[in-house]
Amino acid sequence: MPNEKLVFAQSVEALFVRSLGPHLTSEGRRRLREVGLDLAEPLRPAYPLEQWRTFLRVAAPDVFPRASPDSAHFGLGERYVQGFRQTAVGRASMAFVAHLGPRGTLERVSQSARAGNNFNETRVKQLGQREATLWMKDVSADNPFFACGFLAEMLRGSGATDIHVEPIAFDGTAATFRLAWEVAARRPVAAAVG
């Protein structure tokens, strides 16, 4: 299908192999295999979005058994970025994010998300120096907190601290988020004493 929404293998690798791999139980791995993700086999080039969502539904309670669904999805979003950072493309991308700072990072979220799928779009509206709203066309999950975790971890990588990300609208596919952050103080460089 030419317009099918696809999540690329590098996203599946980042989350399920690199980040969650050591934390999945044998039951979780069995359930993922039943829904089409056999982590003992080579990954396919891409997976339909609905299948990716099923993978998330299986992994959330397996990796975060005591967490609420919102907290578990937030954790999966964070882990996705952490796993992405372990790939060659991710290391380069996250090094770039560190130089952009929080505002520049938010402006590039759409490009970052599109590296992992063929469908995402975002729009950012700056509300102040350290506050913005971000609309995301498709949050790639049944729960908008997956995107909250993704956005929080991206901001953390850009040098932000005291990060707050919350969904303020969600229609089952698209969502709008309110983001606020502080910027870590940089230590002054000591002048060389000669």
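For the chain, a Kirkwood radius taken over Cα pairs fed into Stokes-Einstein (10 °C, viscosity 1.306 mPa s) yields D = 92 µm²/s. Work out, step by step, the length gained on full extension between Ser68 and Glu107: first 0.36 nm times the residue separation, then minus their alpha carbon distance; give nm to one decimal. Separation in residues times 0.36 nm, less the Cα-Cα distance, equals 11.0 nm. The modelled label-to-label distance between Glu27 and Val89, using points 7 Å beyond Cα along the C-beta direction, is 3.4 nm. Helix 69-84 and the long axis of the chain differ in direction by around 70°, with both axes built from C-alpha atoms. By definition, a body whose alpha carbon gyration tensor gives a ≥ b ≥ c is prolate when a/c is 1.5 or more and a/b is larger than b/c, and region 101-183 fits this prolate description.
Would you calculate a helix-derived [θ] at 222 nm for the chain, using -39,500 (n - 2.57) for each DSSP H run of n ≥ 4 and dividing by the full residue count, to the nearest 500? Walk me through the intermediate numbers first.
Values: 7 runs with 83 residues, N = 194.
Value at 222 nm, helices only, nearest 500: -13000 deg cm²/dmol.
Expressed as a fraction of 2.2 N^0.38 Å, the C-alpha radius of gyration for region 27-107 is 1.29.
What's the longest piece of the chain with no exposed GluC sites (Glu not before Pro), counting a site as exposed if DSSP puts it in a loop and it has at most 14 other beta carbons within 10 Å? Display every interim value, and only then the final one.
Details: sites that count: Glu4, Glu121.
The answer is 5-120.
In loop segments of region 93-194 as defined by DSSP, there are no chymotrypsin sites (Phe, Trp or Tyr not before Pro) with at most 11 further C-beta atoms inside 10 Å of their C-beta.
For the chain, give the magnitude of the charge dipole about the Cα centre (Cβ charges: +1 Lys/Arg, -1 Asp/Glu; no others), in debye to the nearest 20. Don't jump to the answer; show the numbers that get you there.
Numbers: 24 positive and 20 negative charges, 101 e Å.
Charge dipole of the chain: 480 debye, to the nearest 20.
Sparse packing (at most 14 other Cβ atoms within 10 Å of the Cβ) combined with a DSSP loop state is found for the following trypsin sites (Lys or Arg not before Pro) in region 1-85: Arg66. Rounded to the nearest 0.05, what FRET efficiency is calculated for Arg114 and Asp162 with R0 set to 30 Å and r the Cβ-Cβ distance? So, using R0 = 30 Å, E works out to roughly 0.60.
Throughout, read-outs are computed from the coordinates displayed, never taken from laboratory work. If you're wondering where the values come from, they're calculated on a predicted model, not measured in any experiment. Don't worry about glycine lacking a Cβ; one is built from the backbone with ideal geometry, like all the others, and counts go over all protein chains shown.
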